[in-house]
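Q: First, the structure itself, so that you have it in front of you.
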Amino acid sequence: MSYNPLSLELCGVSLKNPVIAASGTFGFGREYAERMEVSRLGGICGKGLTLRGSAGNAGERVYETRSSMLNSIGLENPGVKHFVEHEAAFMRSLGPAVIANLGGHSEADYLEGAELLNEADIDLLELNISCPNVKAGGMAFGILPETAADITRRVKAISRHPLMVKLSPNAPDLTAVARACEEAGADALSLVNTFLGMAIDVKRRRPVFDNVYAGLSGPAIFPLALRMVHQVCKSVSIPVVGMGGIASAEDAIRMILAGARAVQVGTMTFASPNTLLEIIDGLSAWCAKERISNLQEICGII
Amino acid sequence: MAVIRSNHRIAAGVYRMTVSGVPLGRAGQFFMLRVSGVLDPLLGRPISIFGADAGTGETTFVYQTPGRGTALFADLLPGQAIDAQGPYGNGFPLESGGAVILGGGIGVAPLHQLAKELRASDPKRRIDVFLGFREEAYCVADFEQLSDSVTVSVGGIVTNDVDFSENAVYYACGPAPMLHTAAEQARAANARFFVSLEKHMACGVGACLGCTCETTNGRKRVCKDGPVFEYSEVQHVL
């Protein structure tokens, strides 16, 4: 078998390429498995889980903005137990690395959720301390270095899976949060989750979303996300997975040049489901053209 | 990738587009249409199937241009490509017996393919069509070819024309107030009644959970579990 220039290792897990479907944009893989070759992906990050599941938010949930979208889904999910019993094995059968994303409303929720996930055959646990759409918890844990470090330390102590902490771009001092998570034992970091944004319906003179604020994602945020990934990569020595508005193989290369080991792609999958596969093909073609034997050679050279 | 065969205006702000190169869908299903490579507007627009022609392999859409996304579709010319993902969604069930079809505004689009399938599945069945428009009627002749009667109301309340106590199955697509009134009449008459819902969605395949609605059978995704529901299942969201 010929050498794969896209292969990498992330927290002891072998990925065939650095392209991962981002949490909240790919369900648990079922919907897209019907329509594309999901086996070609490097990894799939499942929909954000909470201990007991959630019906999500009422009112409008998605709203398109310029080259971007706002969402206020509110972590609608079937709960950790359902995931362990009904989704994890299916995700494993698809082929790509399996990442479970865990959110929480309280520290106890995170810990009980992480404990239950010890029963699941997953490769990585992505700790979501950055969802802007749930009132109690979520992003509240990821804004300050102290709370982020505390929840990271406690989950790390009980989880048997490598722990990747997903950071919020809404933190006042993102690199401080990143360093705190590294010191608390995180095996990797992923960033950025969505930016807190807002939409107003002029006709009704009201906010579009019941929660008033919502999470902004999509190509419009890419330069902001790239800058933040670069800053965090300069601040920590654990692997970083970059995301935020990636729309092409070139964007993925930019993230990797900035220091990301791997990338997650989310909103563009909604717009054009083949984007993930086009990025993988584009990375392969670029490595061949640039005579790069492994893409990781360029990781963080900027 | 679909190729546009024709694309022209049929009423104020309403267009009819025929494409080739996509799998044929069923009545009530939809495609996510998007101008290829454009990032603003970013997301596809869910556009239902007006006609799926097994003979030519072509699919026809009738769409409105309320915003920038759909306005870009109107500028596309025959021969140009359009990104068409689908067909998505469950589609209308073809129940036996007579059918009453109730459409409001651009909601008439999926009902045309429905009338076609109902006629093809049972050429003898009776099909009565009621179409309501705010200012200008369109597609009326298309329905006349497929049904026993077409009643058109412009600027009125189309549900006033419909008797829900006939021995028939009722189907509707249109603005929320119309569906709400129709559902109340259907409940009073204990009619079998299917509605096609519309909600903002990002992906169209059931992944984003942007179009979730509470039903009597739990949470359902309008794009994947719908858009067609039995009215009683979704009555409180109508």
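Q: Mind checking which pairs have a first residue in the stretch A:10-37 that is within 14 Å of another protein chain (Cβ to nearest Cβ) and over 20 Å from A:M164 (Cα atoms) and a second that is among the aromatic types (F, W, Y) and part of a loop (DSSP other than H, G, I, E, B), Cβ under 9 Å, 6 or more apart or different chains?
A: A:Y32/A:F26
Q: Give me the residue from the stretch A:258-302 that is among the aliphatic types (A, V, I, L, M) and part of a loop (DSSP other than H, G, I, E, B) and, out of that set, surrounded by the fewest Cβ atoms within 10 Å (Cβ to Cβ).
A: Out of the qualifying residues, it is A:I301.
Q: Any residue at all in the stretch B:36-51 that is more than 27 Å from B:V228 (Cβ to Cβ) and hydroxyl-bearing (S, T, Y)?
A: So far as the stretch B:36-51 goes, yes, one or more of its residues are more than 27 Å from B:V228 (Cβ to Cβ) and hydroxyl-bearing (S, T, Y).
Q: Still on this structure: Regarding A:M69, is this residue within 14 Å of another protein chain (Cβ to nearest Cβ), in contact with a Phe, Trp or Tyr (Cβ under 6 Å, 6 or more places away or on another chain), surrounded by 24 or more Cβ atoms within 10 Å (Cβ to Cβ) and within 19 Å of A:Q264 (Cα to Cα)?
A: Here the answer is no, as A:M69 does not meet what is asked.
Q: Filter the stretch A:74-116 for residues that are within 14 Å of chain B (Cβ to nearest Cβ), part of a loop (DSSP other than H, G, I, E, B) and at pLDDT 95 or above; which is surrounded by the fewest Cβ atoms within 10 Å (Cβ to Cβ)?
A: The residue in question is A:G79.
Q: What residue, of A:Y63, A:Y110, is closer than 30 Å to B:G67 by Cα, aromatic (F, W, Y) and in contact with a strand residue (DSSP E or B) (Cβ under 8 Å, 6 or more places away or on another chain)?
A: Among A:Y63, A:Y110, only A:Y63 is closer than 30 Å to B:G67 by Cα, aromatic (F, W, Y) and in contact with a strand residue (DSSP E or B) (Cβ under 8 Å, 6 or more places away or on another chain).
Q: Next question, about the same structure. Listed residues A:V240, A:V232, A:V236, A:V263; which is away from chain B (no Cβ under 14 Å) and within 27 Å of B:M201 (Cβ to Cβ)?
A: None of the other options fit; the residue is A:V263.
Q: Looking only at strands (runs of 3 or more DSSP E) that lie completely in the stretch B:174-225, which have at least 2 residues being under 30 Å from A:A22 (Cβ atoms) and within 14 Å of another protein chain (Cβ to nearest Cβ)?
A: B:212-215, B:218-221
Q: For the stretch B:152-172, indicate whether the set of residues that are exposed (fewer than 12 other Cβ atoms within 10 Å of the Cβ), polar (S, T, N, Q) and not in a loop (DSSP other than H, G, I, E, B) is non-empty.
A: Yes, that holds for at least one residue.
Q: Continuing with this model, one more query. So is A:Y63 part of a helix (DSSP H, G or I), under 27 Å from A:P172 (Cα atoms) and touching a residue at least 24 places away in the same chain (Cβ under 8 Å) or not?
A: no
Q: Further question: Output the number of the condition that B:L33 fails; it satisfies all remaining conditions of (1) in a loop (DSSP other than H, G, I, E, B); (2) closer than 21 Å to A:E64 by Cα; (3) touching a residue at least 24 places away in the same chain (Cβ under 8 Å).
A: B:L33 satisfies every listed condition except (1).
Q: Give, as residue ranges, the strands (runs of 3 or more DSSP E) completely inside the stretch B:44-105 that count at least 1 residues that are closer than 15 Å to B:V22 by Cβ.
A: B:45-48, B:51-53, B:58-64, B:81-88
Q: From (1) within 14 Å of chain A (Cβ to nearest Cβ); (2) over 14 Å from the mean Cα position of the chain (by Cα); (3) modelled with pLDDT of 95 or more, pick out the condition that doesn't hold for B:S36.
A: Tallying (1) within 14 Å of chain A (Cβ to nearest Cβ); (2) over 14 Å from the mean Cα position of the chain (by Cα); (3) modelled with pLDDT of 95 or more, B:S36 fails exactly one: (3).
Q: Can you name the residue in the stretch A:38-56 that is in contact (Cβ under 8 Å) with a residue 60 or more places away in the chain and of a type outside the set (S, T, Y) and is also surrounded by the fewest Cβ atoms within 10 Å (Cβ to Cβ) among such residues?
A: A:R40
The values are calculated or read from the model by the stated rules, or taken from the named source; none is laboratory data. Being a predicted model, the structure only gives us computed values, none of them experimental. No Cβ is skipped: glycine too gets one built from the backbone with ideal geometry, and neighbour counts run over all protein chains shown.
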